[in-house]
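Quick notes on the structure that follows.
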Amino acid sequence: MSAQELLTEIQKLPPAEQQRLLEALKRDVKMKSEQRPITEDEVEQILLAKGIISEIPPLADYTDEDEDFEPIEVPGKPLSETIIEERR
């Protein structure tokens, strides 16, 4: 149903029903606008509270070594191509 068709149908409702619909839509829009994405820290706290994890792992230490990382050259076709072929 298009937006125009929906609007036409809403206009056929009695005024009291239109008002209830308007209030429900406002509440729904307000709730959705107040929602925010959950952070990684919040996910860890939830998992800890539910007993899924026993402790929150410490953050990995970042070192200069990480910047110097160079992948090892391996002969043959890329692993991703091999995986795709095997899935077919």
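The values are calculated or read from the model by the stated rules, or taken from the named source; none is laboratory data. All values reported here derive from a predicted model rather than from experimental measurement. Note: ideal-geometry Cβ built from the backbone for every residue, glycine included; neighbour counts use all protein chains shown.
Some values worked out for this structure:
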read-out	value
Test set (1) modelled with pLDDT under 90; (2) aliphatic (A, V, I, L, M); (3) surrounded by 10 or more Cβ atoms within 10 Å (Cβ to Cβ) - I84 fails condition number	(1)
From the options I38, I46, residue that is on the phi < 0 side of the Ramachandran plot, assigned to a loop (DSSP other than H, G, I, E, B) and either at pLDDT 90 or above or within 31 Å of the chain's Cα centre (by Cα) (or both)	I38
Members of the stretch 8-19 that are surrounded by 10 or more Cβ atoms within 10 Å (Cβ to Cβ) and either touching a Pro at 6+ places or on another chain (Cβ under 9 Å) or of a type in the set (A, V, I, L, M, F, W, C) (or both)	I10, L13
Any chance I56 is surrounded by 10 or more Cβ atoms within 10 Å (Cβ to Cβ), out of contact with any Cys (no Cβ under 6 Å at 6 or more places or on another chain) and in a loop (DSSP other than H, G, I, E, B)	yes
